[in-house]
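One structure is given below, encoded as C-alpha cells.
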Amino acid sequence: MSTDSLTENPSRSAREETRAPGAAGLRNGPDTRDEIFVGGVWTRGSGALIESVNPATAEVFATLHAATAADVDAAVAAGLEAVKASGWARRLPHERAAVLHRISSAIEANADRIAELQTLDTGKSLVETKALAMSAAATFRFTAAALETMEDALTPPRGNYLSMSTYEPIGVVGAITPWNSPIASDAQKVAPALAAGNAVVVKPPVWAPWVSLLLARLCEQAGLPAGLLSVLPGPGRVVGDAVAKHPDVGKISFTGGTSTGRQLAHIAAEKIMPITLELGGKSPTVIFADADVDQAVAGVLYGIFSSSGQSCIAGSRVFIQRAVYDDVVERLVKGAKSLRIGPGTDPATQVGPLVAFAHRDTVAGMVEAAKSAGAQVLCGGAVPTESRLQGGAFYEPTILAGVSNSDAICQQEIFGPVAVILPFDDEADLIAQANDSVFGLACGIWTADYRRAWRLARAIAAGTVWINTYKQFSISTPFSGLKESGLGTEKGRDGIRSYMRQKSIYMDLSGAPIPWAGL
C-alpha cells in the first residue's frame, strides 16, 4: 500500500488548486460534524483544518479540525483508565463478544449510510463501499465468535506440575489505517484489539477520515465502554508519530507504505514493543497457456483495475506464457478499454476516480517516466478527455508492454490503474521473474494443471496466493506479507492473539520442596 501515514496529507493549497471553481460542497452534514473522538468524548480538534474533497467532483464537502499530540496524550490516558475502570479486560469472553456482536449489527444496519459516506470521501463505487461495510460487519461478527471459543492451552508437563500457556491484553494499542478501504481496515484492527481486552487509539487517514469517525459513533451506540476507543484524524507526522512513540502504547498495527512501515519499525525497536505491518506490493499474476482464458482475463482485469488499482494486493505485474501472449494481451486490452469510468455514485461505474488529485498526478508521472524509458502504452496512459470526467481525479485503465521486470515501472508500487505485461517461457523463468521484487504480498496463478498450481504457490514468495481467482478474502484466513510487504499476521483466529501477551504458568503438584535447597 503506497500511502505513507506518517507523511500524508497534501497541503491545503494543493487541494484548493484542484477545486472546481465556485464549488461550495455540502459542508458538514450529520455524519461529518467537526468533531474527533478523544477517549469517549466528542470534541473539536485543536489541529490544522482538514478539507475533505470529493475526488469525483473536486468539491470540498466537509471540513474537520485535526487532532494533535495533546489529543493523543488524552486518548491514551483515557484508554488506560477505561481498561481499569470498566473492567473490560476482566469481562468474560462471551461478555466482550456480546458487545462486538452489537457493533456488527450496527454496522450492517447502517451499511448504506457508511457506503455513501465512503464513496463521497474516497471516490470508490457504491457497490464496493457497500461491500466494504458488510465486510467490516462480518469482521466484528467473526471476531466475536472466535473470542467466545478461544482456549488457553494446558501444555504437556515434564515434571510433577501443571503447566499452562495463557494470554493477557496489552493495555492500549495504536491502529494506523489506510485511505483505500477505511471501514474494512478499521474493523480488521479494532475488532481483535477490543476482543483481546485492550483500548484502541485509531489514527485514520487524512484523505478519508469520516467513516472511521462514524464507526466510533456506532461503537458508542452499541455500548462499548467509554474511553476504549479513540479516533484521531490528523497528519501522520503529528498524530501517527505521537501514537507510535507514546510510552503507554504497547503495540502498533499499521497498514500503509513501506517507507513509513520502516520508520514505525524503528520506533517499535526502540520501545521493544510488538508491531504488525501490512505494507506495499507489486503482485504478480500469471497466465499459463492451458488456462481458461475467459476466466483469466476477467480475473486479471478485476485484480488490477477494481478500486482503480488502489489496492495493496493489486495484480500489477501480469506474466503471460509466450505461447498465448499475443491472444491474451489483445483480450486484456479490449477488456480494459471497455471498462466504464465514472463517479462512484453511478451504478454503472467500474473504475472510479483516484482518491486525490495529487495522487492521480503521481500515478500519471510514473507512467510518463515509463514511456520515456521505452514502455509501450497499449491502452490508457492519460487523463480521460470526456467532459463529464473533467472535474474529477480520474485516470484511464492503463496497460504497458515492452518493459523488463527490472524496470522501475515493474519494481515500484504505483497504486493506481496501471498494469505491466511481461512474457515468460517456462516455470523456472516465471518463478525467477515473479520473485525478483522487494515485495511479497500476493500472487495470482491461472492454470488448469493443479500440480503446477501447487508447485508455484509454494515457490513464489507471497503471503497470499490465489489459484484461478483473485482478490478473494475471508476474515477467517490469516493475511500477511513477506519481504518488504510486511511483518506479522492479521485476521484469522490468531488475529486476536496478536493483540495479547503470552504468559506461562506453572503450578506444583508434588507438595515437596525443590531438592536443590537440601530441605
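Things to note:
- Among the residues of the stretch 182-203, those that are within 14 Å of Ala146 (Cβ to Cβ), touching a Leu at 6+ places or on another chain (Cβ under 7 Å) and among the small types (Gly, Ala, Ser) comprise Ala191, Ala195.
- With respect to the conditions (1) surrounded by fewer than 24 Cβ atoms within 10 Å (Cβ to Cβ); (2) within 30 Å of Gln321 (Cβ to Cβ), Lys271 falls short on a single one, namely (2).
- Positions within the stretch 244-268 being under 15 Å from Ala199 (Cα atoms) and either assigned to a strand (DSSP E or B) or outside the structural domain of Pro205 (by TED's automatic domain parsing) (or both), in sequence order: Lys251, Ile252, Ser253
- Qualifying residue in the stretch 418-433 (condition: within 26 Å of the chain's Cα centre (by Cα) and more than 19 Å from Ile304 (Cα to Cα)): no
- The one condition from (1) of a type in the set (Gly, Ala, Ser); (2) in the same structural domain as Pro178 (by TED's automatic domain parsing); (3) surrounded by fewer than 18 Cβ atoms within 10 Å (Cβ to Cβ) that Ser338 does not meet is (2).
- Residue in the stretch 481-504 that is basic (Lys, Arg), surrounded by 16 or more Cβ atoms within 10 Å (Cβ to Cβ) and within 30 Å of Val324 (Cβ to Cβ) present: yes
- Unique residue being at pLDDT 95 or above, farther than 27 Å from Asp326 by Cβ and not β-branched (Val, Ile, Thr) when the list is Ala419, Ala434, Ala461: Ala461
- For the stretch 72-111, a residue qualifies if it is closer than 10 Å to Leu228 by Cα and of a type in the set (Asp, Glu), and exactly one does: Glu81.
- Test: residue in the stretch 470-481 that is of a type in the set (Lys, Arg), modelled with pLDDT of 95 or more and in contact with a helix residue (DSSP H, G or I) (Cβ under 7 Å, 6 or more places away or on another chain): yes
- Against the numbered list (1) crowded, with 19+ Cβ neighbours inside 10 Å; (2) touching a strand residue (DSSP E or B) at 6+ places or on another chain (Cβ under 8 Å), Gln376 comes up short only at (1).
- Search result, residues across the stretch 376-424 that are in a loop (DSSP other than H, G, I, E, B), farther than 25 Å from Gly257 by Cβ and not small (Gly, Ala, Ser): Pro384, Thr385, Glu386, Gln390
- Which numbered condition Ala196 fails, given (1) under 26 Å from Leu49 (Cα atoms); (2) surrounded by 24 or more Cβ atoms within 10 Å (Cβ to Cβ): (1)
- Identity of the residue in the stretch 464-491, in contact with a Cys (Cβ under 9 Å, 6 or more places away or on another chain) and in a loop (DSSP other than H, G, I, E, B), that ends up farthest from Phe142 (Cα to Cα): Ser485
- Test: Ser498 is of a type in the set (Ser, Thr, Tyr), touching a residue at least 60 places away in the same chain (Cβ under 8 Å) and in the same structural domain as Gly250 (by TED's automatic domain parsing): yes
- Residue that is nearest to the chain's Cα centre (by Cα), among those in the stretch 347-375 that are free of Cβ contacts under 8 Å to residues at least 60 places away in the same chain and assigned to a loop (DSSP other than H, G, I, E, B): Ala348
- Selection count where residues are out of contact with any Ser or Thr (no Cβ under 8 Å at 6 or more places or on another chain), at pLDDT 50 or above and surrounded by 13 or more Cβ atoms within 10 Å (Cβ to Cβ), scope the stretch 5-55: 7
- Matching residues, the stretch 324-346, being among the hydroxyl-bearing types (Ser, Thr, Tyr), part of a helix (DSSP H, G or I) and out of contact with any strand residue (DSSP E or B) (no Cβ under 7 Å at 6 or more places or on another chain): Ser338
- Residues of the stretch 152-183 satisfying the condition of being surrounded by 24 or more Cβ atoms within 10 Å (Cβ to Cβ) and aliphatic (A, V, I, L, M): Val172, Val173, Ala175, Ile176, Ile183
- Residues (assigned to a strand (DSSP E or B) and under 18 Å from Glu427 (Cβ atoms)) located in the stretch 274-289: Pro284, Thr285, Val286, Ile287
- Some residue of the stretch 292-307 being in contact (Cβ under 8 Å) with a residue 12 or more places away in the chain and part of a strand (DSSP E or B): no
- Selection count, the stretch 427-463, where residues are assigned to a helix (DSSP H, G or I) and either surrounded by 18 or more Cβ atoms within 10 Å (Cβ to Cβ) or small (Gly, Ala, Ser) (or both): 10
- Odd one out for Ala58, checked against (1) modelled with pLDDT under 95; (2) more than 30 Å from Ala442 (Cα to Cα): (1)
- Selected residue (criterion: nearest to Asp73 (Cα to Cα)) from residues of the stretch 217-228 that are out of contact with any Asp or Glu (no Cβ under 8 Å at 6 or more places or on another chain) and not in a helix (DSSP H, G or I): Leu228
- Looking at Ala364, Ala369, just one residue is assigned by TED's automatic domain parsing to the domain that holds Arg322, of a type in the set (Gly, Ala, Ser) and surrounded by 15 or more Cβ atoms within 10 Å (Cβ to Cβ), and that residue is Ala364.
The values are calculated or read from the model by the stated rules, or taken from the named source; none is laboratory data. Being a predicted model, the structure only gives us computed values, none of them experimental. In this analysis, Cβ positions are derived from the backbone assuming ideal geometry, glycine residues included, and neighbour counts consider all displayed protein chains.
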